[in-house]
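Data block below; observations after.
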Amino acid sequence: MTGSLVIAGLGPGAEALVTPEVSEALARATDVVGYIPYVARVPDRPGLVKHASDNRVELDRSRHALELAAEGRAVVVVSSGDPGVFAMAAAVFEAVEAGPAAWRALDIRVLPGITAMLAAAARAGAPLGHDFCAINLSDNLKPWPLIERRLRLAAEADFAMAFYNPRSRSRPEGFARALEVLNEACGDARPVIFARAVSTPEEAIRVVPLPDCRPEMADMRTMVLVGSSATRIIARDGAPIVYTPRSAP
């Protein structure tokens, strides 16, 4: 087959955080496929066709991209952040596995991007400087009891944690319960970072002790980072520095 499919991460928002490798792939693309706001980030140019679709249709989007590539097109599927972190890479490969055998012969590449998790951590200091885990708090694709179990076990293992999709209008109660679980399991005042719209003009960073956290402090544009018991705060003029030492006590 002459077509190709690139699954690319556009980073957390700022154009400066799009990798040169991804920019090069977009410059060669005949078609860009993705969620509406992510496709809108790609500049229009002659010869480029954009295929924007709504949220929660990842498999349909993936099949469409694979069909275009099978027709000989140079297709780029775009995600925010990194496409392999709660994003489109897994959806595309799910479609490949279930789809026609010919799709497995396509030239498919995944190009990494800067995740919201890493961008938020960098703004705060180095809260993920030791062992950490990332958990998607959305229960669209997995049951809430599984999320709660993973939260409790991660807290008991004393990981620092990064939460994607903490709170939406349709499920505001989930993050409230997540905070209850963390307070029960941690029992301390470790720092929690609320990093909203990192690298965009709307960026806002807050550092709050765990017992003082409230559900309304987060929305779907917020990355929530929870420190471990070893995470420290360096007070200074302006925003504090939050970091987790590299060694365990």
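The values are calculated or read from the model by the stated rules, or taken from the named source; none is laboratory data. Note that the structure is a prediction, hence the values are computed from the model and not measured. FYI the Cβ positions are ideal-geometry reconstructions off the backbone, even for glycines, and counts take in every protein chain you see. Protein only, heavy atoms only, side chains kept; ligands, DNA and RNA dropped before computing areas. Shrake-Rupley method; radii C 1.70, N 1.55, O 1.52, S 1.80 Å.
Flag: LEU141 matches the condition of being open to solvent by 40 Å² or more (accessible area, probe 1.4 Å), of a type in the set (A, V, I, L, M) and farther than 30 Å from GLY238 by Cβ. Candidates ALA98, ALA90, ALA122: the one that is without any contact (Cβ under 8 Å) to a residue 12 or more places away in the chain, small (Gly, Ala, Ser), under 25 Å from ILE241 (Cβ atoms) and open to solvent by 40 Å² or more (accessible area, probe 1.4 Å) is ALA122. Answer yes if at least one residue in the stretch 222-235 is more than 22 Å from PHE132 (Cα to Cα), among the hydroxyl-bearing types (Ser, Thr, Tyr) and open to solvent by 40 Å² or more (accessible area, probe 1.4 Å), and no otherwise. Within the stretch 222-235 (the criterion being more than 22 Å from PHE132 (Cα to Cα), among the hydroxyl-bearing types (Ser, Thr, Tyr) and open to solvent by 40 Å² or more (accessible area, probe 1.4 Å)), the answer is no, since none of the residues qualifies.
Each row is one residue, and each column tells you yes or no for (1) farther than 21 Å from PRO145 by Cα; (2) not hydroxyl-bearing (Ser, Thr, Tyr).
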{"position": "ALA162", "(1), (2)": "no, yes"}
{"position": "ILE193", "(1), (2)": "yes, yes"}
{"position": "SER199", "(1), (2)": "yes, no"}
{"position": "PRO209", "(1), (2)": "yes, yes"}
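Considering the conditions (1) within 18 Å of SER23 (Cβ to Cβ); (2) touching a residue at least 60 places away in the same chain (Cβ under 8 Å); (3) under 16 Å from the mean Cα position of the chain (by Cα), ARG56 is excluded by exactly one of them, (1). The sole residue among VAL78, VAL42 that is closer than 21 Å to GLU15 by Cα, in contact with a Gly (Cβ under 6 Å, 6 or more places away or on another chain) and either aliphatic (A, V, I, L, M) or free of Cβ contacts under 8 Å to residues at least 60 places away in the same chain (or both) is VAL78. Could we say that PRO172 is touching a residue at least 40 places away in the same chain (Cβ under 8 Å) and surrounded by fewer than 20 Cβ atoms within 10 Å (Cβ to Cβ) here? Yes; evaluated as a whole, the condition is true for this residue.
Entry remark, the stretch 101-119: residues being surrounded by 22 or more Cβ atoms within 10 Å (Cβ to Cβ) and of a type in the set (D, E, K, R) number 0 in total. Of all residues in the stretch 63-87, exactly one satisfies the criterion of being more than 17 Å from ARG28 (Cα to Cα), small (Gly, Ala, Ser) and surrounded by fewer than 20 Cβ atoms within 10 Å (Cβ to Cβ), namely GLY84.
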